[in-house]
Amino acid sequence: MQEWSSLNSSTRVTPTANDASLPSGAYKSNFGKISKLPGLNQGAPYSAAIIWPTPQNDSEKFPVLSFAHGTGVGSTNPKSAIAYHEVLSFVASFGFIVVAPDSCPLIECAGFFAHDEITALKSVKENPGLHPSLASADFNKTGVFGHSMGGISTIVSDGGGVAKPYRPADYNIKAAVSMHPCKDSTINPAGADMPILFTTGSSDTICGSACSDKFYAEVQHPAKALFNIAGASHFEPTYLGDASEKYAIAYWFACHVKGEQCDRVYGSSGKALCEQVPSGRTLAECKMAGTPGTAVNLAAKRQMDLLV
């Protein structure tokens with residue numbers, strides 16, 4: 001797959017999209033490193049970036065999100081904390097701890113990268129001493145997101161893998177965001193269990209917006225969304241783009257994981273997310289289905305089905 005290998009370090013970094021009319025999170029975001037994250041197996045290094053909000057009091061707890069990078073980025077070309085800095089920082093500012101495995105840095109792991117995306121959630125829960133910020137973690141509410149290859153693995157982590165290797169309820173996953181995913185033989189979007197947002201761009205020539213269109217149509221969960229930014233390339237959520245989808249991503253997680261910002265996701269129209277575009281950007285397409293209540297009720301029903 002042509003991704004970061006086609007680029008070099010001299011490529012200009014695009015200024016990020018910021019819009020004061022769209023709310024940012026209330027927390028200061030911090031970046032750190034976990035030198036070894038137990039259980040990762042998709043190719044060394046087995047470290048991870050960790051991004052966390054500064055607590056405003058001693059009793060605050062923050063849900064944990066696992067982020068999966070794209071092909072050829074992670075520990076190299078460049079690190080996730082650099083390539084996805086704006087999106088990761090912005091999401092964390094809404095009160096989330098984000099763990100981003102550095103594994104699978106050089107090859108195409110595709111949907112198999114879901115193993116490390118899921119393992120990141122398991123590992124930090126079982127080993128909270130891996131980083132001081134995990135003392136404030138709420139492991140009862142988690143989520144998954146990723147870009148390109150990581151967008152593929154996110155679908156699998158959300159239950160949308162062939163033969164369903166993972167059930168998100170087993171890891172307390174409440175929502176997912178698949179950013180610019182490609183076609184892959186490991187995914188079956190119809191199996192996705194939790195609310196899922198697909199982001200893409202009309203000028204994505206690597207995965208193509210048609211992939212996200214197809215996956216959105218196949219998802220059977222009633223809480224789903226498609227956010228297609230006009231003129232955005234495959235690299236829009238990275239330091240090579242302006243990260244204009246960061247608002248939609250953060251609000252989606254805030255609503256479905258924390259019960260906040262739902263007016264920005266649904267609102268009275270049921271499609272308020274389609275309005276969360278920074279000034280100077282427009283959407284080529286936006287689709288939505290479901291409500292916050294629908295998502296919660298269906299998740300509970302699926303949990304009961306597993307017990308029958």
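Values in this text are rule-based calculations from the coordinates and carry no lab data. Everything numeric in this text was worked out from a predicted model, so none of it was measured. Cβ atoms come from the backbone with ideal geometry, glycine included; neighbour counts cover every protein chain shown.
For the reader, a short list of remarks on this structure follows.
- Farthest toward positive dipole pole in the chain [+1 Lys/Arg, -1 Asp/Glu at C-beta], among Phe253, Gly72, Asn188: Phe253
- If the convex hull is drawn through the Cα atoms of region 143-235, its volume per residue in Å³: 73 Å³
- Percent RCO, i.e. relative contact order, over region 1-143, from Cα pairs under 8 Å lying at least 6 residues apart: 32 percent
- Ordering Trp52, Trp252 by the number of other Cβ atoms within 10 Å of each residue's own Cβ, fewest first, gives Trp52, Trp252.
- Charged-residue dipole, Cβ positions (Lys, Arg, Asp, Glu), region 220-275 about Cα centre, Debye nearest 20: 180 debye
- Cα centroids of region 93-125 and region 131-196: 10 Å apart.
- Radius 14 Å from Cβ of Cys274, net charge of other residues (Lys, Arg +1; Asp, Glu -1): +1
- Burial ranking of peptide ranges 103-109, 190-196 (average Cβ count within 10 Å, highest at the top): 190-196, 103-109
- Ranked list, fewest to most other Cβ atoms within 10 Å of each Cβ, for Thr154, Thr205: Thr205, Thr154
- Using the Cβ of Val87 as centre and a radius below 10 Å, the other residues enclosed give a net charge of -2, where K and R count +1 and D and E count -1.
- Over 28 Å (Cα to Cα) - which of Lys214/Lys246; Lys36/Lys224; Lys174/Lys271; Lys122/Lys246; Lys33/Lys125; Lys183/Lys224 fall in this group: Lys36/Lys224
- The chain, dipole about Cα centre (Lys/Arg Cβ +1, Asp/Glu Cβ -1), debye to the nearest 20: 340 debye
- Among (1) 58, 55, 35; (2) 45, 43, 43; (3) 78, 49, 35, the entry that matches Cα extents along the principal axes in Å as calculated here: (2)
- Expected 222 nm ellipticity per residue - DSSP helices of 4 or more, -39500 (n - 2.57), all of the chain, to 500: -7000 deg cm²/dmol
- For region 20-307, the relative contact order comes to 16 percent (Cα pairs under 8 Å, sequence separation of at least 6).
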